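Q: Handing you a structure now.
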Amino acid sequence: MFDWTSKEQLDKMRNWRKKSDGFLYKRDTMVRMMSKGKILELGCGEFPLFKDSVKVDISGVNGCIVANCNYPLPIKENFDTIIALELVSHLWDIDTFLKECHRLLKPDGKMIISSPNVKYWRNRIWLLFGNDTYFRSIGYYYNCFSPESLEKTLGEHGFNLIEKIPLGKSKILDLCGDFLVICKLSTEPKIRGLWV
């Protein structure tokens, strides 16, 4: 279990994140700077970004509320910032997840999501040789998003995009390995498509 009071464990986490091509360190630093007010971290696992946030994870480590984000969450309060890093691709019920985020986000709040990019250049090579995408070949990815498809899905659930940011070495959104999306609640209701 991760101990927030242990300087040794905090340093170990920071060093590990810096070594991963700086991707996680860059992402986490950006998310920390963008987050404000009362924060909800969904699927944060062993490394939540904030000590004083409300944390939800299926594992229950670090004092997290034990919950599966595919189902309604046992939370009544509202939040200024909702963070879901590398979570949406692992959910089999994205509709319930986004309905819950819509319910839990304050009207002037924002949601920050990161996801692997199905349009990543390595995935394109896999497809060129007749293989399914890298995501589906691993077996625990249920949703494969590009920046555009995640923006569309969020729009269908009442969110407006604020910004899309490429993560990793590539600065080109369509070629980056992962991306970050910042969105807010829509001011006008959208009509969902017929598919669910």
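Every number in this text was worked out from the coordinates using simple rules, so none of it is lab data. In this text, all values refer to a predicted model and were calculated from it rather than measured experimentally. Here the Cβ positions follow ideal geometry from the backbone for every residue, glycine too, while neighbour counts run over all protein chains shown.
Q: FRET efficiency for VAL61 and THR153, Cβ-Cβ distance as r, R0 = 30 Å, nearest 0.05?
A: Efficiency computed from Cβ-Cβ geometry: 0.60.
Q: Continuing with this model, one more query. Starting from the Cα of ILE162, step 7 Å along the direction of its Cβ; do the same at MET34; then give the gap between the two resulting points in nm.
A: 0.7
Q: Pop the C-beta distance of ASP80 and SER186 into the FRET formula with R0 = 22 Å and round what comes out to the nearest 0.05.
A: According to the calculation, E is roughly 0.80.
Q: If packing is taken as the average count of other Cβ atoms within 10 Å, what order do 75-81, 173-179 fall into, highest mean first?
A: Final packing ranking: 173-179, 75-81.
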